[in-house]
Ligand code: PNS
């Protein structure tokens, strides 16, 4: 069975990678769908977010990374995926994911599996990482080394 892990991944964190790795244990194949939401202001361009996800999942052979444009339900249909896997941290995550899950089920019969975020990453968010990094703090404890390096580069170029 094929599962999809969708997200903005701006940037990918150890919290995302934990969910992807756990989905990888449960399903034959996992497709990471990197979203592009025109209403969002991303720190990393879409191509760079894709590149960072590919690098971060290089040791997971059953995991592939694709760009998500349009509806997630259509993406799942196109890739033969029956399940969407999402990580849950807070009650507020659940409320949003429940809406998405119902809609995706109605549109395309897609099931959604919600995995509780690992305790260690349960309060981590890409938003927080961006804010902390922008204040010059090292974020290498929360994101892959390449991501930490790229953020530091962006902060430096802003200062320069
Ligand atoms: O990490 P994010 O920002 O919560 O990820 C958002 C993403 C890309 C997963 C979400 O915006 C999404 O699923 N977009 C696809 C568009 C879509 O299907 N919207 C309706 C959901 S039923």
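A short reminder: the numbers here are calculations on the coordinates, not readings from a lab. These numbers come from a predicted model, not from an experiment. Don't worry about glycine lacking a Cβ; one is built from the backbone with ideal geometry, like all the others, and counts go over all protein chains shown.
In table form, for the structure just shown:
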read-out: The chain: angle of helix 46-56 to the longest principal axis, Cα-based, in degrees nearest 10; value: 90 degrees
read-out: Extension gain from residue 98 to residue 28, taking 0.36 nm per residue of separation minus the Cα-Cα distance; value: 22.7 nm
read-out: Along each principal axis, Cα extent of the range 9-61, largest first, Å; value: 33, 19, 17
read-out: Per-pair calculated FRET efficiency, R0 = 45 Å: residue 156 and residue 2 via Cβ, rounded to 0.05; value: 0.65
read-out: Kirkwood hydrodynamic radius over Cα pairs of the range 95-160, then Stokes diffusion coefficient at 10 °C and 1.306 mPa s, in µm²/s; value: 110 µm²/s
read-out: Angle in degrees between helix 14-26 and the longest Cα principal axis of the chain, rounded to the nearest 10; value: 30 degrees
read-out: Pairwise FRET efficiency - residue 82 versus residue 41, Cβ, R0 = 25 Å, nearest 0.05; value: 0.15
read-out: Zone residues, the range 35-52, relative to residue 66, backbone N less than 13 Å from point 7 Å out along Cα-to-Cβ; value: 35
read-out: Relative packing of peptides 145-158, 64-77 - highest average C-beta neighbours within 10 Å first; value: 64-77, 145-158
read-out: Share of alpha-carbon pairs per 10 Å distance bin for the chain, given as whole %; value: 10, 40, 37, 11, 2, 0
read-out: Value at 222 nm in deg cm²/dmol, rounded to 500, when DSSP H runs of n ≥ 4 in the chain each add -39,500 (n - 2.57); value: -14000 deg cm²/dmol
read-out: Cα-based Rg / Dmax (Å) for the range 51-105; value: 13.3, 33
read-out: The chain: relative contact order in percent, alpha carbon pairs under 8 Å with at least 6 residues between; value: 28 percent
read-out: 0 to 90° range, to nearest 10: angle between helix 91-108 axis and the chain longest Cα axis; value: 40 degrees
read-out: Full-extension gain in nm, residue 54 to residue 134, via 0.36 nm per residue minus C-alpha separation; value: 26.4 nm
